[in-house]
1. Quick one: would you say Thr178 is within 18 Å of Leu84 (Cβ to Cβ), modelled with pLDDT of 90 or more, assigned to a helix (DSSP H, G or I) and of a type in the set (Ser, Thr, Tyr)?
2. If the requirement is being touching a strand residue (DSSP E or B) at 6+ places or on another chain (Cβ under 9 Å) and either aliphatic (A, V, I, L, M) or free of Cβ contacts under 8 Å to residues at least 60 places away in the same chain (or both), which of these qualifies: Met138, Met179, Met158, Met184?
3. Between a first residue in segment 1-21 that is among the acidic types (Asp, Glu) and a second residue that is modelled with pLDDT under 80 and surrounded by 11 or more Cβ atoms within 10 Å (Cβ to Cβ), which pairs have beta carbons less than 8 Å apart while being 6 or more apart in sequence or on different chains?
4. Hey, Phe291 hits all of (1) of a type in the set (Phe, Trp, Tyr); (2) surrounded by 15 or more Cβ atoms within 10 Å (Cβ to Cβ); (3) modelled with pLDDT under 85; (4) over 24 Å from Val246 (Cβ atoms) but one; which does it fall short on?
5. Kindly indicate whether any position in segment 218-229 is at pLDDT 85 or above and at negative phi.
6. Output the residues belonging to segment 53-78 that are more than 19 Å from the chain's Cα centre (by Cα), over 21 Å from Ile200 (Cβ atoms) and either at pLDDT 80 or above or buried (at least 20 other Cβ atoms within 10 Å of the Cβ) (or both).
7. Name the single residue, out of those in segment 5-36 being in a helix (DSSP H, G or I) and basic (Lys, Arg), that is surrounded by the fewest Cβ atoms within 10 Å (Cβ to Cβ).
8. From the list Ile385, Ile424, Ile396, Ile409, exactly one residue is outside any helix (DSSP H, G or I), modelled with pLDDT of 80 or more and surrounded by 15 or more Cβ atoms within 10 Å (Cβ to Cβ). Which is it?
Amino acid sequence: MFSSILNTLSNCFKIPELKSRIWFTLIVLGFCRLASLVPTPGLNGGLLKDYFASAAGAQNANGLMGMYSMFTGGGFEKCAVGALSIMPYISATIILQLLQAVVPGLSKLAREEGGRTKLIQYGRVLTLFLCLGQGMVMAIGWEHAGTVFKGFTGNLVMPGYNLWWYRINTTIILTTGTMLLMWMGEQITDRGIGNGISLIITVGILARLPQAGQGLMDMFLGPAARFNFFHFIALMMLLCAVIAGVVAVTQAERKIPVQYAQRVVGRKTFSGGSSFMPLRVNYSGVMPVIFAQAILMFPGMILSFLGRITHVRLFDELAAMLSRGSFVYLALYGLMILFFSYFWVATQFNELQISDDMKKSGGYIPGVRPGQATSSFLHRTMSRITLAGAIFLTIIAVVPILLQEWMGIPQQVAQFFGNTSLLIIVGVMLDTMRQMEAHLLMRHYDGFLKKGRLKGRF
């Protein structure tokens, strides 16, 4: 199998167009990584990096700050020019997608010819405004790091800087960094291979692999090693099982057969045929996990803050109940993933529009009447398969928490056993492999799999 993969990769460089696209993608991704390494002028990023590496910063590394730093490839904890990363663009895209479900004008625009281009332009403008707002908030947060990061001592802003000049300068630099990353991501999508924005996030996550490798070595070979060879075998088997499960569920889909009747348009007669409508089991992707993580962070942070300033024991007890790894936290985490899985499907999957489009094109599902009956059938089917996808997401999201809180696995190692990291990496790698395989098959080369098929393979 590995020899087949290596042979396929060598075939990729035999096709001039694909070779140039791969090299272009790798070079641009290299420049994207520089944005998370170059420090912002006027800030001492080394202090914050040391804080995140210390025991005091472990709480933030497990919380919202740690999740944000993971998506930025470590740029946030280094106070880099790419500290905002591509997240404002992702936020703008999600906002526009959600607005399409409630604003009829945007929904109509998405279906019109050229409408997608206008929506992309709206997303760029919204990204700019989000960058300006988030950049100012981040600049002020770095300025008051002792309040934002529990246990942090020191001043990130270098002495001698005028505070308002620092805030404006930092906001402009962070905004420029994000807009540059967005432009490079679009260039990868157009002239490279794979989805550029997704690849930038994936490379940022993979940049933490050296830390994970060091943490894994310390678990078994370090002076404070608590695990033996059998634990290593068990971890590797668990990792293979989790990756296999993520690939299977990411690829899984329910194929709904669709029959098309014979149509006459003018003087042309279009014969009927049969096809299928693929309904993805994990339709919402990684979004429910991100939403659940982000929302669950705030109650614990607020209660802990109230406990510190009021010295009321009840707030501390409630904060402990909502701490990461507790039974209440895991229960709420799972329920919120279930809720947001259905919420995302309800806002993005429009069975009424699909049913209407099928009816206009002369298509129907065998055994189901066109119109309202088709809409009800699609709604019922999607609800059932969404439950399976939501349960899978819950398991994948909980595994790293159990490994870390109950078994003592370091956070930098546990994050690659599930959660958003693995879901994003697997999804992006599969999408990139599909595009590379399409180029190979067009030139009569074998794809990555001789036996079996990647979804979408011709």
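The values are calculated or read from the model by the stated rules, or taken from the named source; none is laboratory data. Computed from a predicted model, the values in this text were never measured in an experiment. Cβ atoms come from the backbone with ideal geometry, glycine included; neighbour counts cover every protein chain shown.
1. Answer is yes for this residue.
2. Met158
3. Between residues of segment 1-21 that are among the acidic types (Asp, Glu) and residues that are modelled with pLDDT under 80 and surrounded by 11 or more Cβ atoms within 10 Å (Cβ to Cβ), the close pairs are Glu17/His439.
4. Checking Phe291 against (1) of a type in the set (Phe, Trp, Tyr); (2) surrounded by 15 or more Cβ atoms within 10 Å (Cβ to Cβ); (3) modelled with pLDDT under 85; (4) over 24 Å from Val246 (Cβ atoms), the one that fails is (4).
5. no
6. Gly57, Asn60
7. My answer is Lys19.
8. From the options Ile385, Ile424, Ile396, Ile409, the qualifying one is Ile409.
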